[in-house]
Every structure is written in C-alpha cells, then in structure tokens.
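The structure appears right after this line, and notes come after that.
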Amino acid sequence: MMKNKKNLIIALLTLISVVIVVLASCQLFFPKQELPANNAGKGYSFSDKVVLAYYYIWYTKEEFTKDWSYDPEGITGEAPLRDIHPILGAYDSYDPYIVEEHVKMAKRAKIDAFAVSWWFDSQTNGMNDRLALVFEKAALHGLKVGIDLEAASMTMEE
C-alpha cells in the first residue's frame, strides 16, 4: 500500500511538472507583449491610468492686461518665468488652429483628457465660445474634456 501511495505521488508530481512545462512553452503564464511596429515614435504608452492635463483658455493677444493676457512685445517679470514661451509663440485661446495643435500635442503625449478651467461668460469669443471650440477640436482627435468650474468668478447675474 505504501508503494502505491508513493507511485501515486510520483505520478502526480510528474503530471504537474509536464503541465507546467507545456503551459510555460505556450506562454500562457507570461505572454509575450510586443508593441506593433507602426507604434514607434508615437509617444509613450501608459497603463490603464487616465492622464489629464489642465488646459487654460483665457490667453489672448488682443487685450494686454496684467492678469491673464500675453503681450509678446512686453514680456517682463522675473526669471525664469519671463523666459518661458509657448512653443507655438504668443497665441489666442480662441484660435482654432492653436487649439487643434494643442489637442494633437496632447494626443502625441498620450494625454487622455483636458481639464479645462472655465466659468460662464456669454461675451462673443468669451469663455463659453472658447470651451465650445475645445470640445469641437478634442472630438476630432478623440481627446476627452472635463470642466474645472471656476465658480468663484461667477456672479448671480450671470
């Protein structure tokens, strides 16, 4: 009886060893994951994490104030901030070309969504129109958009 038990244990261990070797050779435990050749040079690949980037839509070349506008002729302030310039140059956040280029840059950087700083503003080319433009260009390129509501800048009259 002891011999049968010993043979049974040896047979089970042999069977388990064979199964492990077969599964390992079929790469079921550790499947080989390769990026497709056509993916080279298209940016980094992230896991299942969602990557967001803040996107501010208040820049303009038309109104030069000390607040949020950008005066390309009067870049002042302390270093290093005065030495940092947008790669596309001074721009207006309501320029469709600029918004689309930003969306394409975000997609190349594997950014999943923009979090857009927004408050209600019904003026022509105001925050509402700018947000609509971001939604339009983002949809063209499969980028998601979320809103960071700047409620502190809203009033009851709006």
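The values are calculated or read from the model by the stated rules, or taken from the named source; none is laboratory data. Just so we're clear, the structure is a prediction, and the values are computed from it rather than from any experiment. FYI the Cβ positions are ideal-geometry reconstructions off the backbone, even for glycines, and counts take in every protein chain you see.
Here is the figure for region 144-158: residues that are in contact with an Asp or Glu (Cβ under 8 Å, 6 or more places away or on another chain) and at pLDDT below 65 total 1.
Among residues that are over 13 Å from Y56 (Cα atoms), touching a residue at least 60 places away in the same chain (Cβ under 8 Å) and not β-branched (V, I, T), A115 is not included.
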